[in-house]
Structures are given as structure tokens and as C-alpha cells.
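Report on one structure; see the data block that follows.
The values are calculated or read from the model by the stated rules, or taken from the named source; none is laboratory data. Just so it is clear, the model here is predicted, and its values are computed rather than measured. Neighbour counts run over all protein chains shown; Cβ positions are idealised from the backbone, glycine included. The accessibility values were calculated without ligands, DNA or RNA, using every heavy atom of the protein model including side chains. Shrake-Rupley method; radii C 1.70, N 1.55, O 1.52, S 1.80 Å.
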Amino acid sequence: MDIPFRYRRLGYVALNVTDMERSTAFYRDLVGLSVSDQNDQFVALRCSRDHHNLVLYRDTTPGIKRIGFELESTGDLAAARRHLESLEIAVESVTPEELKALRTVSAFRFRLPGSGICLEFFVQMMHLAQAYEPSVAKIERLGHVVLNVTDFDKTVGFLTEKLGFRISDFVPGFAAFMRAFPNPLHHSLAILTGADDHLNHVNFMVKDVDDVGRAMNRMKKAEVEIVFGPGRHQPSESIFLYFLDPDRMTVEYSLGMETFPEAGAREARLLEPVPGTLDLWGSVPTPAFGKIGRIETGPRTIEPSKATGTPLGQLTPETSGALA
Ligand SMILES: [Fe+2]
């Protein structure tokens, strides 16, 4: 199928948190984002000139509310909307009031068949006059989001066949690491199979190996639980550290990622699903890795994922997220 629109990049992630003040402090003081806006609806944080790269909403259950992708142009946005409507996907305009609050010119939302997660396509988010000033870490960008879903084939099939995502590496029926074509980053979104639908982790890319090393000590000092790493992923060779936010949702810092040319990109690689693929340095995810984070699906209620134990070193749908 011809995809009549092009992505610019992963723009932002919206998370539901149970204690706004506690989570705002965590993402500001320990992760290193800066607060750009707050009101009675949300707290907006950024790691760039954008108005927001992370938006926190108060909720009784922690989880992921939506994922925002920026398209290349207003024309792409219109074409994407027509394309989705032709596929009989319900598309909802973001209200003028919400667009104003989010400092965005144009956006629409829809639910991804399979998991029901809300995706937002937008253009023209406000470019702030003051540059982002790194504090505890030199964050380069919001890197990627990883989800576990029960209907893996339907979700990945829709993303690749209908929404233009390209698979960079994969384990059949188990994991797909996808770039938002033609964005060059190896993956902005990864889908893993799971016993239920939930957030696996949110990633922020950093600029320096010291950012990863210092984070380990900063998190330990603040009694933040480290759930994997520091280590180096075998497929991407990126150096990583995963830790838990105050609601026990998994957050990642990583350094380095393969980039793909728009034309002539290598084919997707088939990855061996074994623990040795996860970390060249030999660490293994703890049982708390990638477990917490309900996917908000509107009126449909999904039980939050259960933090059941996982034998160390055993590759499961959740720990396979540690490939990414
Ligand atoms: Fe990751």
C-alpha cells in the first residue's frame, strides 16, 4: 500500500501518573527534563526547543495516555487523515482549546487497531525562544517508546502496512523495532508481544557515556530502582541504563543508535531471542523491568499489568524490550 504521508519524528509521549508533584520532580530533577508549562490539566516537560516532549496527566492508574508523532508538513497531516478515514479508522480532531494549551497548530488522534493506544499526528508545535538547558544529563532527544501488546501481528501489521513504519530489526511474532520512515533512527517505536497490553518503557537518548554513568550513581543515591544495566545492547551497540519512575514505569537512558538512509537502507535483521543478545556486558533485567504502565484506551478498561516475577536472565516478552 502506498503511504501518502511522511513522518518527521517521535514528538512526545503523554503519561498518566498517580502523583503529579512527585513525578514532575522525578522527571525534572533526576531525568533532567525542564518544565515548560503547567496548568490544572497537565505538566509539560521538554528536552529540546519543543513546547513538550513529555506530558504528565494525573490519573489513578499509571500508564501511557498517547504517543505524538510529528509529520513533515500540513499537507502530510491532511493526507494522513484522509488515508485513515479511507481505512474506516475513527479520527478525532484535537479541540481548539486543547491545541492552544498544547501550543500546537494542528493535530488529530486515533486509536491503533490491536492495542487501542491513542496516536496523535501533529504539525507545528511551538518552538520555544529559550533553548533547552541540560541539567543532570545532556539529553539529546526523546528516543523511543516500547509497548507490549497481546495482538502482536495485528498491531505490527497495521503500523507497517497502513501507517508507513519500517521494521529495522525483528523477532517474528515476538518483537519489531520500527522507524518512523523516513526518520533515520533505528526505532522510534517498538512492539513486543505480551500477556496483556502495557507500556514497556520510554527512552531518552543522551549525548555522552558520562550521562549514563553519572545517572547510575544519581539514581542509587535517590533510591531509584535500577532494573537493567548499565550495559551495551548487542544489536545496536548502544549503552543503556533502565530505571523506574515513581509509579514503577520503566525509563531508559541510552547512548547511540544506528541510523538508516531513506533510500538503500539495509534489510531488517532477524534477531536471536536469547539473553546474550540483551547485554554484551552481562547484566540481566530485574523482574520489575517493563511491567507497569496501562495503555489508556478510553472507555475500555484494561487491568494494569501485574508485576509478576521473572527468573533472572530468562527472555520473556517484557525483557525482550531490553533489546531496544
Ligand atoms: Fe529502549
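What to note about this one:
- The number of residues in region 249-283 being outside any strand (DSSP E or B) and crowded, with 20+ Cβ neighbours inside 10 Å comes to 5.
- Answer residue from region 94-110, given it is in contact (Cβ under 8 Å) with a residue 40 or more places away in the chain, surrounded by fewer than 20 Cβ atoms within 10 Å (Cβ to Cβ) and not in a loop (DSSP other than H, G, I, E, B) and is nearest to the chain's Cα centre (by Cα) among those: Arg109
- For region 208-229, filtering for residues that are within 16 Å of the ligand (Cβ to nearest atom) and open to solvent by 30 Å² or more (accessible area, probe 1.4 Å) leaves 1.
- Here Ala190 meets each of (1) farther than 16 Å from Ile67 by Cα; (2) within 12 Å of the ligand (Cβ to nearest atom) with one exception, condition (1).
- Across region 172-185, the qualifying residues are those that are open to solvent by 10 Å² or more (accessible area, probe 1.4 Å) and not basic (Lys, Arg), and the one among them that is nearest to the ligand (Cβ to nearest atom) is Leu185.
- Filter result (open to solvent by 60 Å² or more (accessible area, probe 1.4 Å) and either part of a strand (DSSP E or B) or touching a residue at least 12 places away in the same chain (Cβ under 8 Å) (or both)) within region 59-92: Thr60, Glu72, Thr74, Arg81, Arg82, Ala90, Glu92
- Yes/no for Met205 being touching a residue at least 60 places away in the same chain (Cβ under 8 Å) and either assigned to a strand (DSSP E or B) or open to solvent by 10 Å² or more (accessible area, probe 1.4 Å) (or both): yes
- Yes/no for Thr24 being within 30 Å of Gly290 (Cα to Cα), open to solvent by less than 20 Å² (accessible area, probe 1.4 Å) and polar (S, T, N, Q): yes
- Qualifying positions in region 132-142 - assigned to a strand (DSSP E or B) and either in contact with a Pro (Cβ under 8 Å, 6 or more places away or on another chain) or closer than 9 Å to Val206 by Cβ (or both): Ile139, Glu140
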